[in-house]
1. Quick check: is even one residue across the stretch 53-75 outside the structural domain of residue 209 (by TED's automatic domain parsing), surrounded by 21 or more Cβ atoms within 10 Å (Cβ to Cβ) and under 20 Å from residue 140 (Cα atoms)?
2. Scanning for something within 28 Å of residue 98 (Cβ to Cβ) and surrounded by fewer than 24 Cβ atoms within 10 Å (Cβ to Cβ), does the stretch 321-340 turn up at least one residue?
3. Output the residue which, of all residues in the stretch 234-245 that are part of a strand (DSSP E or B) and crowded, with 21+ Cβ neighbours inside 10 Å, is nearest to the chain's Cα centre (by Cα).
4. Among the residues in the stretch 345-359, are any modelled with pLDDT under 95 and within 27 Å of residue 94 (Cβ to Cβ)?
5. Determine which single condition residue 237 fails, assuming it passes every other condition in (1) in contact with a helix residue (DSSP H, G or I) (Cβ under 7 Å, 6 or more places away or on another chain); (2) under 18 Å from residue 325 (Cα atoms); (3) without any contact (Cβ under 8 Å) to a residue 40 or more places away in the chain.
6. Just need a number here: residues in the stretch 28-65 that are closer than 20 Å to residue 178 by Cβ, part of a helix (DSSP H, G or I) and more than 19 Å from the chain's Cα centre (by Cα).
7. Hey, does the stretch 89-103 have a residue that's surrounded by fewer than 16 Cβ atoms within 10 Å (Cβ to Cβ) and assigned to a helix (DSSP H, G or I)?
8. Say we look at the stretch 246-257 and pick out the residues that are without any contact (Cβ under 8 Å) to a residue 24 or more places away in the chain and assigned to a loop (DSSP other than H, G, I, E, B); which of these is farthest from residue 128 (Cα to Cα)?
């Protein structure tokens, strides 16, 4: 049996979508029966470090476009050109890991599964440009019609897919995002010191990880810094956008430059150490399909503060403190409760660790394999 995957994000993306694909493929490859092959279809080699996070196995291989394809054709291959390659390779089931399926796959008889991470472009169109909204909406509606099964990574995402895609509940399986366990592994003192020195980290800080964009609302945590003790800093790790410049202007205008640090292009190997040296993890996003940094923070042994309004309560459970995404005073108070030495902090960390075990690898992979097996009528 051959399972094909849309692996562009696996090879190119260092944020949540890429992490989802890499973790899931690694775990499925280990769990399936002998004779099941996993083909990872990607338009190029991408980032070597990310690509190598897929463990070498005899039942996993990368598949690229023909050498003669280049430029625009290569860029659009996963949408308009990949189907002939899937047919050529004898793929039995294709899994779109990032919410879309290629044009024409419905006519091939290949079974299809698609993972929907969020439908934010429909729920909050104000955060997207006009053309992006049109493209995303077209792909979304087409995929909802054509997919044999849809995996939603949270109950919140399931509700959105049903509402905006007019999809019946019985077509959707809620399977939470699989999370690796590498953040549970504690770094040695040598690595911690190297990372602390390399990034000139403060002695005491809270950390926030994620793309610095309006939706993720890091300005709430920045404003809260004005209400916290001077020795507490905020370290923001993520890819910047135009919104980041507005946040940095606020930081400078309010005399917070010494206490708010922005880190971009942080290698995946350094991120666990940055988490582990923090006192708390802050994730003030207004809307998410799941919220992987909440899990990473808990795995790193940190209490977490997040925001209400989407699925983050599903990700963090009762151990996380949730505040309104516009409540600066509530955010500051929640961070204070999470600092080292505060009553109940250790209990929150322990409760969080217990809660997130449901998201860890083997159980998630097993659920996805069950979806495949039901579609194919065969055990994998």
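1. no
2. Step one: list which residues in the stretch 321-340 are within 28 Å of residue 98 (Cβ to Cβ), which gives 322, 325.
Keeping just the survivors that are surrounded by fewer than 24 Cβ atoms within 10 Å (Cβ to Cβ) gives 322, 325.
Among the residues of the stretch 321-340, at least one is within 28 Å of residue 98 (Cβ to Cβ) and surrounded by fewer than 24 Cβ atoms within 10 Å (Cβ to Cβ), which makes the answer yes.
3. First, pick out the residues of the stretch 234-245 that are part of a strand (DSSP E or B): 234-237, 240.
Those left that are additionally crowded, with 21+ Cβ neighbours inside 10 Å: 234-237.
Working: 234: 22, 235: 19, 236: 17, 237: 14 Å.
This residue is 237.
4. yes
5. Failed condition: (2).
6. 3
7. Applying the first criterion (surrounded by fewer than 16 Cβ atoms within 10 Å (Cβ to Cβ)) to the stretch 89-103 yields 89-90.
With the extra rule that they be assigned to a helix (DSSP H, G or I), the set shrinks to none.
Within the stretch 89-103, not a single residue is surrounded by fewer than 16 Cβ atoms within 10 Å (Cβ to Cβ) and assigned to a helix (DSSP H, G or I).
8. 255
The values are calculated or read from the model by the stated rules, or taken from the named source; none is laboratory data. Quantities reported herein were computed from a predicted structural model and do not represent experimental measurements. Because the Cβ atoms are built from the backbone with ideal geometry, glycine has one as well, and the counts that use them run over all protein chains shown.
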